[in-house]
Number of protein chains: 4
Amino acid sequence: MAKIRVTIWNEFDHEINNERAKANYPEGIHECLAKALKADDLEIATAWLEKDEEHGLSQEVLANTDVLLWWGHGRHGDVRDDVAARVAARVQQGMGFIALHSAHHSKPFRLLMGSPCDVRWRENDDKCVVWNVNAGHPITQGVPLYFFLEKEEMYGEYFSIPTPDELIFISWFEGGNAFRSGCTFTRGIGKIFYFQPGHEMYPSYHNKDVQKVIANAIRWARPAPERDFQAGAKMAPVVEKAGK
Amino acid sequence: MAKIRVTIWNEFDHEINNERAKANYPEGIHECLAKALKADDLEIATAWLEKDEEHGLSQEVLANTDVLLWWGHGRHGDVRDDVAARVAARVQQGMGFIALHSAHHSKPFRLLMGSPCDVRWRENDDKCVVWNVNAGHPITQGVPLYFFLEKEEMYGEYFSIPTPDELIFISWFEGGNAFRSGCTFTRGIGKIFYFQPGHEMYPSYHNKDVQKVIANAIRWARPAPERDFQAGAKMAPVVEKAGK
Amino acid sequence: MAKIRVTIWNEFDHEINNERAKANYPEGIHECLAKALKADDLEIATAWLEKDEEHGLSQEVLANTDVLLWWGHGRHGDVRDDVAARVAARVQQGMGFIALHSAHHSKPFRLLMGSPCDVRWRENDDKCVVWNVNAGHPITQGVPLYFFLEKEEMYGEYFSIPTPDELIFISWFEGGNAFRSGCTFTRGIGKIFYFQPGHEMYPSYHNKDVQKVIANAIRWARPAPERDFQAGAKMAPVVEKAGK
Amino acid sequence: MAKIRVTIWNEFDHEINNERAKANYPEGIHECLAKALKADDLEIATAWLEKDEEHGLSQEVLANTDVLLWWGHGRHGDVRDDVAARVAARVQQGMGFIALHSAHHSKPFRLLMGSPCDVRWRENDDKCVVWNVNAGHPITQGVPLYFFLEKEEMYGEYFSIPTPDELIFISWFEGGNAFRSGCTFTRGIGKIFYFQPGHEMYPSYHNKDVQKVIANAIRWARPAPERDFQAGAKMAPVVEKAGK
């Protein structure tokens with residue numbers, strides 16, 4: 001089976017301009033994930049906001065990406081509208097899309113959701129427990145029933161997403177909030193997974209369970225072979241009608 | 001519009017044999033709910049485990065019930081199998097069914113779910129926050145985004161239910177657990193709602209938001225007019241086939 | 001209870017420029033529906049593509065619309081992008097949206113879906129049978145298990161929509177095609193219903209069952225009272241944390 | 001990866017007692033499927049109603065089955081209740097279950113569904129078109145958008161199943177009926193797939209697309225590694241509470 005071509009996209013701003021984020025991810029979140037996810041069946045590339053004028057996401061790059069990871073937080077507005085639309089279109093054609101942490105408010109994710117995707121939030125070093133509520137799903141294999149993140153940014157309900165196809169995780173936060181923190185969606189024939197952990201101020205992407213979830217999600221989101229179900233869509237009747 | 005005929009079924013054992021439960025519900029949970037739910041559009045009756053040899057749930061009672069509430073905790077095993085099957089059959093024909101607290105393990109609920117419906121649990125005076133995750137649903141109208149229960153029995157994932165039709169509430173528990181605490185299901189043409197609050201050791205059914213949720217659920221679960229979609233099911237073709 | 005303020009939006013082009021469409025709907029599809037839907041609990045207005053430069057959908061009109069019906073077929077491209085975005089935003093805030101027939105390709109619907117929403121189609125006078133697959137849903141009350149449309153435009157799978165929240169109808173077409181022809185979605189807190197019948201060349205909106213479905217959908221899509229769940233979203237912890 | 005242990009269970013009555021069924025499946029439906037599904041990653045066994053007094057489904061056989069296929073039509077009532085309950089329990093623990101054709105009315109399927117699972121039906125040599133409505137699902141890979149069965153027993157709505165987790169196929173029947181013909185469900189941590197084709201009077205299991213669907217479903221339904229999420233369910237709090 002061919003390798004899965006993964007592109008990890010990162011805003012890559014906090015890790016340059018904020019000391020605490022830099023301490024967690026000296027080479028950027030994208031590099032941390034690229035190392036953690038390294039595997040024989042994956043071909044991993046990276047891109048970031050200022051990589052080039054298309055944010056490293058040219059038509060060619062996307063055409064050769066099977067699964068795109070997206071991390072952004074403070075600079076969603078700096079992503080070009082046409083690049084965001086290009087990403088969304090490619091997902092609809094089958095590319096997997098894994099939206100990490102604040103990517104709930106990224107341009108491509110909102111284009112795909114058609115919903116505000118707002119959350120409650122709080123930066124207060126909340127302890128976080130991630131609970132698995134879908135034991136048989138490919139994304140939870142090898143992941144325990146629950147795992148701890150010692151500190152995370154609180155993301156809580158009300159999360160104004162469309163009804164997910166599948167609910168995979170619920171997160172508990174020390175301060176009293178709960179959150180649908182792992183959700184799947186389908187757009188066109190592309191598979192989408194949203195996963196909450198990963199505030200830049202905390203080392204969540206060094207956590208083995210977080211890494212395992214993302215690794216599983218990549219395999220799950222791998223595109224099915226392309227099929228143009230609308231080719232010849234104005235087709236002749238498939239069954240001969242009586243008397244015609 | 002005709003009144004909705006509600007039967008509130010209660011095990012009614014703890015409130016007789018346990019001092020603390022009795023202090024919360026001197027007349028039983030069923031009477032507490034009957035008073036709280038009193039409304040012009042409802043005709044409320046009650047039944048309990050030892051009301052008569054059919055637990056107060058004769059064929060006639062069920063035939064005249066539009067929505068059945070079910071509370072049980074310690075004596076699920078004492079419910080007659082035939083009565084449980086009768087309840088499940090009536091739900092499939094359209095009667096609404098509201099499973100309260102430990103009713104997740106009641107015989108009728110398990111018959112309807114086809115799944116173990118196990119939970120993690122802990123009696124440790126956990127503070128509980130109930131979060132609304134379905135803002136537009138009839139069951140959440142007039143209910144705030146979240147409400148507190150000062151103390152509740154912890155019910156937590158993994159909750160081995162079938163995938164709910166709709167997820168309505170998620171509960172947060174002080175000790176670190178989260179739970180899909182409000183869920184809808186359909187069986188036959190009957191509507192089912194599971195709702196977690198209500199351990200007998202705490203006064204949760206005196207809480208106005210808990211009462212509002214149950215009141216809403218009754219109206220939501222009201223049966224649609226009966227329609228026998230399988231009548232004449234071995235019917236003649238609905239469209240004349242060519243050459244036949 | 002306050003009346004439901006309904007706005008019926010129609011492209012209103014075929015009924016002017018095509019003799020056959022005009023014969024079916026001399027005053028336009030919007031007027032046909034307005035008459036059919038007339039009821040004491042509804043306050044019905046109409047708007048159309050060339051009503052004014054905003055297609056009759058000013059901010060004020062939308063702010064005073066509870067449920068918007070949308071019919072368009074040949075001139076989706078002539079709808080202003082800003083008006084389409086305005087409609088989508090208002091849905092996310094709670095306005096109901098009923099997408100009729102070719103509205104699957106309208107700008108507001110596609111913005112809300114985030115998916116191509118393509119279909120197979122054929123104009124060949126196919127007989128159509130609409131099957132109810134959700135007997136207890138408010139949208140199917142008073143609607144028979146199935147009803148016939150003597151001739152309709154075939155709309156068939158593959159329908160590249162997101163997974164619907166609820167599947168309500170499946171349509172059968174004489175030529176061999178099947179279609180998920182009644183589907184619900186949620187975006188923000190707004191309810192959306194897509195319903196297939198209504199090609200301008202056929203008199204489908206004169207059909208009593210089609211009218212009943214739309215009438216039911218209006219009541220179902222009525223917005224819940226507005227609640228700003230993100231107000232104060234960066235809120236103080238709801239539970240006091242130990243040692244803080 | 002270990003082989004998937006598949007048991008194909010067949011009523012095996014019509015193929016003995018009915019000439020037309022015997023002509024289609026001289027060795028029985030189970031043998032036809034066993035040959036068609038033969039593959040390096042599968043270890044296939046068969047069982048049938050009269051194989052032994054437990055219908056070939058002893059505790060040991062089930063304990064060593066990863067995915068069970070079930071075909072039954074005329075003799076559902078002859079399956080022992082305890083064996084049916086044993087099958088359902090094993091599914092809840094993770095065994096995959098593929099219910100073929102009339103297995104919608106089999107005892108294990110109904111126990112797992114908690115719903116009547118009635119259908120409309122007609123034996124009238126209806127042409128059948130099976131439409132794929134879930135292009136990215138593992139069960140539809142390598143299966144065309146639609147395929148024909150020259151003649152099949154009509155199974156049509158209303159199909160009184162619980163809301164499926166996923167809708168995979170819709171079937172079109174010549175006589176005017178439509179049917180949710182491929183549906184997935186979860187019970188406990190077991191995966192279930194219902195698939196309509198396969199009346200004994202027609203050679204549907206010789207069809208390559210039908211075979212491909214079943215082959216895919218087996219891989220999809222393979223159980224996840226067992227995990228007892230309720231072990232130690234009355235556990236100590238996972239987070240230390242303040243002041244306790």
Odd one out for C:R120 among (1) within 17 Å of C:F195 (Cα to Cα); (2) out of contact with any helix residue (DSSP H, G or I) (no Cβ under 8 Å at 6 or more places or on another chain); (3) surrounded by fewer than 19 Cβ atoms within 10 Å (Cβ to Cβ): (3)
Counted residues, region B:125-150 - those being within 14 Å of chain D (Cβ to nearest Cβ), open to solvent by less than 10 Å² (accessible area, probe 1.4 Å) and more than 14 Å from B:F195 (Cα to Cα): 1
Selection from region B:1-32 of residues that are over 18 Å from the mean Cα position of the chain (by Cα) and open to solvent by 50 Å² or more (accessible area, probe 1.4 Å): B:M1, B:A2, B:K3, B:I16, B:N17, B:E19, B:R20, B:K22, B:A23, B:P26, B:E27
Which numbered condition C:L111 fails, given (1) more than 14 Å from chain A (Cβ to nearest Cβ); (2) open to solvent by 20 Å² or more (accessible area, probe 1.4 Å): (1)
Members of region D:59-95 that are without any contact (Cβ under 8 Å) to a residue 60 or more places away in the chain and acidic (D, E): D:E60, D:D78, D:D81, D:D82
Matching residues in region B:174-209 - criterion: being assigned to a loop (DSSP other than H, G, I, E, B), of a type in the set (S, T, N, Q) and surrounded by fewer than 23 Cβ atoms within 10 Å (Cβ to Cβ): B:N207
Some residue of region C:79-92 being away from chain A (no Cβ under 14 Å) and small (G, A, S): no
Extreme residue, most open to solvent (accessible area, probe 1.4 Å), among residues of region A:38-68 that are in contact with a helix residue (DSSP H, G or I) (Cβ under 8 Å, 6 or more places away or on another chain) and in a helix (DSSP H, G or I): A:Q59
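Conditions (1) among the polar types (S, T, N, Q); (2) facing chain B (nearest Cβ under 9 Å); (3) over 28 Å from D:G94 (Cβ atoms), marked per residue:
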{"residue": "D:E152", "(1), (2), (3)": "no, no, yes"}
{"residue": "D:L167", "(1), (2), (3)": "no, no, no"}
{"residue": "D:F173", "(1), (2), (3)": "no, yes, yes"}
{"residue": "D:A178", "(1), (2), (3)": "no, no, yes"}
{"residue": "D:S181", "(1), (2), (3)": "yes, no, no"}
{"residue": "D:T184", "(1), (2), (3)": "yes, no, no"}
Residues within region B:69-83 that are among the basic types (K, R) and open to solvent by less than 70 Å² (accessible area, probe 1.4 Å), tallied: 1
Qualifying residue in region B:69-92 (condition: in contact with a helix residue (DSSP H, G or I) (Cβ under 8 Å, 6 or more places away or on another chain), over 23 Å from D:L111 (Cα atoms) and assigned to a helix (DSSP H, G or I)): no
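The values are calculated or read from the model by the stated rules, or taken from the named source; none is laboratory data. Model, not experiment: these values are computed from the prediction. Counting neighbours? That spans all protein chains shown, and the Cβs are built from the backbone with ideal geometry, glycine included. Keep in mind that these areas ignore ligands, DNA and RNA; they rest on the heavy atoms of the full protein, side chains included. Shrake-Rupley method; radii C 1.70, N 1.55, O 1.52, S 1.80 Å.
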